[in-house]
Amino acid sequence: EKILQNFVPNIFHIFTSTMTTTQSSSPSTSSSPSPLPTSPPSEPDLPTYQDVLHASQTLQNIAHRTPILTSRTLDAQLGVRVFFKCENLQRMGAFKFRGAYTAVKRCLDDDDDDDNDNDTSNNRGNIRILTYSSGNHAQAIALAATSLLGVPSTIIMPRDAPPLKIEATRSYGGDVVFYDRYTEERDAVAERVKAELSQTHGDSPKVVFVPPYDHRYVIAGQGTVGKEFIEDLTRFLSHEH
């Protein structure tokens, strides 16, 4: 556990420090999802190890605990031992499901808490999840929000996104809105779509934007890959002795 506590935050720091981003994070004192991006963050709202532990609990019996595989041929070619965490076997075929489900579930739980604090009845039907993605995050949000959690999802995708990914996103229940990535800025498109959703759907729906990255709960969900990897690799290696 001490290894994980030191390892996970450092990996997050490296990841967020090297990524070119056009999205902003919520203030570090807030537990709510970040708003629509407007400018690059000066201080990213990074998850803690407790966030990763919470995400792991959220994903239990929801996400697949994907196996670790090895290849003696590749080991010989590279001169080192290589271990594969096979997230291609994850639901919808990628690790992005972990972050999407974690973020959407936390958003809904936070909203439930707000409703209880305000002594109002819970109404998840009044929430819509919005994001943009060219593929994997799009599928992940549609699967997590609409198929599994019963919340409408709208996904902004470029017109030239892979047809199979568009089809898969729709098959999970996502409402796909296209934009031209050569002539339009997706942040501006997201702002426009958010306004349209608020106007065209009854009862003034709460539109929650869940970005593909640079979001505390999304990163925490993705971080469960590393947590599982270390835990399972430790057991994997112990069985060899």
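The values are calculated or read from the model by the stated rules, or taken from the named source; none is laboratory data. As the structure is a computational prediction, the values presented were derived from the model and not from experiment. Cβ atoms come from the backbone with ideal geometry, glycine included; neighbour counts cover every protein chain shown. Calculation scope for accessible area: heavy atoms of the full protein, side chains included, ligands and nucleic acids excluded. Shrake-Rupley method; radii C 1.70, N 1.55, O 1.52, S 1.80 Å.
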Of residues in the stretch 78-99 being over 30 Å from the mean Cα position of the chain (by Cα) and of a type in the set (A, V, I, L, M, F, W, C), the one nearest to Phe236 (Cα to Cα): Val80
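Residue-by-condition table, conditions (1) open to solvent by 70 Å² or more (accessible area, probe 1.4 Å); (2) over 20 Å from the mean Cα position of the chain (by Cα):
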| site | (1), (2) |
| --- | --- |
| Glu167 | yes, no |
| Arg170 | yes, no |
| Val177 | no, no |
| Tyr182 | yes, yes |
| Ala190 | no, no |
| Val218 | no, no |
| Gln222 | no, no |
| Leu237 | no, yes |
Take the residues of the stretch 41-64 that are part of a loop (DSSP other than H, G, I, E, B) and within 14 Å of Tyr101 (Cβ to Cβ): which is most open to solvent (accessible area, probe 1.4 Å)? Asn61
Pair list, Cβ under 6 Å, 6 or more apart: the stretch 78-92 residue exposed (fewer than 14 other Cβ atoms within 10 Å of the Cβ), other residue assigned to a helix (DSSP H, G or I): Arg81/Asp75; Val82/Leu74; Val82/Asp75
Matching residues, the stretch 68-77, being surrounded by 13 or more Cβ atoms within 10 Å (Cβ to Cβ) and under 31 Å from the mean Cα position of the chain (by Cα): Ile68, Ser71
Considering every residue within the stretch 127-145, establish whether at least one is at pLDDT below 95, open to solvent by less than 20 Å² (accessible area, probe 1.4 Å), outside any helix (DSSP H, G or I) and of a type in the set (A, V, I, L, M, F, W, C). yes
Return yes or no: is Glu231 in a helix (DSSP H, G or I), surrounded by 14 or more Cβ atoms within 10 Å (Cβ to Cβ) and acidic (Asp, Glu)? yes
